[in-house]
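**Student:** First the structure, which I've put down as structure tokens, then a few questions once you've had a look.
Every read-out reported here was derived from the displayed coordinates using simple, explicitly stated rules and does not represent laboratory data. Computed from a prediction, not measured in an experiment: that's the story for all the values here. Don't worry about glycine lacking a Cβ; one is built from the backbone with ideal geometry, like all the others, and counts go over all protein chains shown.
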Amino acid sequence: MKNKHLIAPSILSANFSNLQKDIDMVEKAGADWLHIDVMDGHFVPNITIGPLVVKAVRPLSKLFFDVHLMITNPEKYWHNFVKNGANLIVFHEEVLCDKKRLIQDIKEENIKVGISIKPKTSVEEILEFLPLLDVVLVMTVEPGFGGQSFMEDMLPKISYLRKIIDNNNYNCLIEVDGGINVETATKCLECGADVLVSGNTIFASKDPVIALQNLKSIKI
Ligand code: DX5
Ligand code: ZN
């Protein structure tokens with residue numbers, strides 16, 4: 001039995017008029033990372049957080065900042081997020097840019113790097129990058145909004161990635177994002193996920209601390 005997985009609350013579902021309070025709360029409750037969803041209204045049909053928000057909340061927390069770039073030009077903007085306190089930059093496989101180059105550029109700054117795949121993108125598309133990555137982020141909803149339902153048919157992607165990563169001894173964590181609650185998290189962990197992103201399940205709960213701890217204490 002193990003429960004070594006990490007919890008990354010997504011501030012997309014937090015109270016934007018008092019981010020300090022919500023970040024403090026999840027940090028004290030035992031969050032491992034803080035998941036920050038950046039959307040440009042182009043790659044996804046929504047606009048959210050920019051580098052200035054990362055800069056504003058960076059001094060408020062010691063948490064590891066996991067910045068999920070749902071934007072068309074990550075190669076143009078990633079550095080602004082690093083300058084402002086990101087610890088991990090995750091960009092999407094579906095964007096058109098020199099991805100190997102982008103991975104190398106991010107690593108040269110001593111920042112962790114990940115690639116995310118949307119539900120319709122297959123794992124094959126990122127296999128060549130796996131040995132270089134710190135994180136692979138499997139979207140378990142269509143990116144763009146919090147509070148959507150988990151897509152069960154993403155589970156085989158997690159199992160497949162687990163097998164490849166273990167067989168090759170790659171140093172890459174599997175992160176899942178979208179519709180994560182205790183039930184869906186358990187399924188993801190059984191398939192081999194390492195990091196659980198959770199927005200609504202934590203922040204929209206009556207007791208976010210208990211909700212976070214329930215996710216954290218799942219044992220597989
Ligand atoms: C969706 C974002 C998610 C979102 C998850 O595009 O990438 O990180 O905040 O929210 P929940 O956990 O509510 O599905
Ligand atoms: Zn996200």
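**Student:** Using +1 at the Cβ of each Lys and Arg and -1 at the Cβ of each Asp and Glu in the chain, identify which of Leu155, Pro9, Ser122 lies farthest towards the dipole's positive end.
**Tutor:** Projecting each Cα onto the dipole axis, the largest value belongs to Pro9.
**Student:** Assigning unit charges at the beta carbon (Lys, Arg +1; Asp, Glu -1) and nothing else, what dipole magnitude in debye, to the nearest 20, does region 22-157 show about its Cα centre?
**Tutor:** On the way: 14 positive and 21 negative charges, 84 e Å.
Here the size comes out at about 400 debye.
**Student:** At 222 nm, what helix-only mean residue ellipticity would the chain give, in deg cm²/dmol to the nearest 500, using -39500 (n - 2.57) for each DSSP H run of four or more?
**Tutor:** The per-residue figure over the chain is -9500 deg cm²/dmol.
**Student:** How long is the gain from Val209 to Gln148 if the chain were fully straight, where each residue apart is worth 0.36 nm and the alpha carbon distance is subtracted? Display every interim value, and only then the final one.
**Tutor:** Values: separation 61, 0.36 × 61 = 21.96 nm, distance 2.10 nm.
Residue separation times 0.36 nm, minus the Cα-Cα distance, leaves 19.9 nm.
**Student:** Can you tell which of Gly30, Pro51, Ile71 lies farthest toward the positive end of the dipole of region 1-91, using +1 and -1 charges on the Cβ of basic and acidic side chains (Lys, Arg; Asp, Glu)?
**Tutor:** Of the candidates, Gly30 comes out farthest on the positive side.
**Student:** While we're on this one: Report the paramagnetic label zone for Asn167: residues of region 103-144 whose backbone N is under 19 Å from a point 7 Å from Cα along the Cα-to-Cβ axis.
**Tutor:** 122-133, 136
**Student:** Right, next: Classify region 83-122: rounded, prolate or oblate, from the alpha-carbon gyration tensor (a ≥ b ≥ c, eigenvalue square roots; a/c under 1.5 rounded; otherwise prolate if a/b is larger than b/c)? Walk me through the numbers on the way to the answer.
**Tutor:** Values: a/c = 2.69, a/b = 1.70, b/c = 1.58.
It is prolate, given that a/c is not under 1.5 and a/b is the larger ratio.
**Student:** Same structure again: Just order 191-204, 29-42 by mean Cβ neighbour count inside 10 Å, highest at the front, would you? Walk me through the numbers before you get to the answer.
**Tutor:** Working: 191-204: 23.1, 29-42: 20.2.
Ranking, from highest mean packing down: 191-204, 29-42.
**Student:** Normalized C-alpha radius of gyration of the chain, against 2.2 N^0.38 Å? Mind dumping the intermediate values first?
**Tutor:** Working: Rg = 15.9 Å, N = 220, 2.2 N^0.38 = 17.1 Å.
Output field value: 0.93.
**Student:** Moving on. I want the antiparallel fraction of DSSP beta bridges within the chain, as a percent rounded to 5. Don't skip to the end; give the middle numbers.
**Tutor:** Values: 1 of 32 bridges.
Expressed as a percentage, antiparallel bridges in the chain total about 5.
**Student:** In sequence order, what are the phi-derived ³J(HN,Hα) couplings for region 117-127 according to the Karplus relation 6.51 cos²θ - 1.76 cosθ + 1.60 with θ = phi - 60°, rounded to whole Hz, with x for glycine and proline?
**Tutor:** Listing the rounded values in order: 10, 6, x, 7, 8, 8, 4, 3, 4, 10, 4 Hz.
**Student:** Using the Cα centre as the reference, give the magnitude of the dipole from point charges on the C-beta atoms of region 103-220 (Lys, Arg: +1; Asp, Glu: -1; all else neutral), rounded to the nearest 20 debye.
**Tutor:** Here region 103-220 has a charge dipole of around 360 debye.
**Student:** How about Lys206: which aspartates and glutamates have a C-alpha closer than 16 Å to its C-alpha, ignoring those fewer than 8 places off in the same chain?
**Tutor:** Counting by Cα, and skipping residues close in sequence, Lys206 has these aspartates and glutamates nearby: Asp22.
**Student:** What are the ³J(HN,Hα) couplings of region 182-199, residue after residue, when phi is run through the Karplus curve with 6.51, -1.76, 1.60 and θ = phi - 60°? Round to Hz, x for glycine and proline.
**Tutor:** Working through the residues one at a time gives 4, 5, 6, 4, 4, 5, 5, 5, 4, 7, x, 5, 10, 10, 10, 8, 8, x Hz.
**Student:** Please give the charge dipole size of region 174-220, origin at the Cα centre, charges +1 on K and R Cβ atoms and -1 on D and E Cβ atoms. Round to the nearest 20 debye. Working shown, then result.
**Tutor:** Working: 4 positive and 6 negative charges, 35 e Å.
About 180 debye.
**Student:** Please compute, over every Cα-Cα pair in region 104-220, the percentage with a separation greater than 17 angstrom. Walk me through the intermediate numbers first.
**Tutor:** On the way: 3761 of 6786 pairs.
Of the Cα pairs, 55 percent sit more than 17 Å apart.
**Student:** Give me Rg/Rg_expected for region 45-143, where Rg uses Cα atoms only and Rg_expected = 2.2 N^0.38 Å with N residues. Provide the component values of the computation, followed by the final result.
**Tutor:** Numbers: Rg = 13.1 Å, N = 99, 2.2 N^0.38 = 12.6 Å.
That works out to 1.04 for region 45-143.
**Student:** Separate question: So what J values fall out for region 101-106 if you push phi through Karplus, 6.51 cos²θ - 1.76 cosθ + 1.60 with θ = phi - 60°, rounded to Hz, Gly and Pro as x?
**Tutor:** Once θ is set to phi - 60°, the couplings for region 101-106 become 4, 4, 4, 4, 4, 5 Hz.
**Student:** How much length, in nm to one decimal, is gained on full extension between Lys107 and Asn46, taken as 0.36 nm per residue of separation minus their Cα-Cα distance? Write down the numbers at each step before the final one.
**Tutor:** Values: separation 61, 0.36 × 61 = 21.96 nm, distance 2.84 nm.
Roughly 19.1 nm would be gained on extension.
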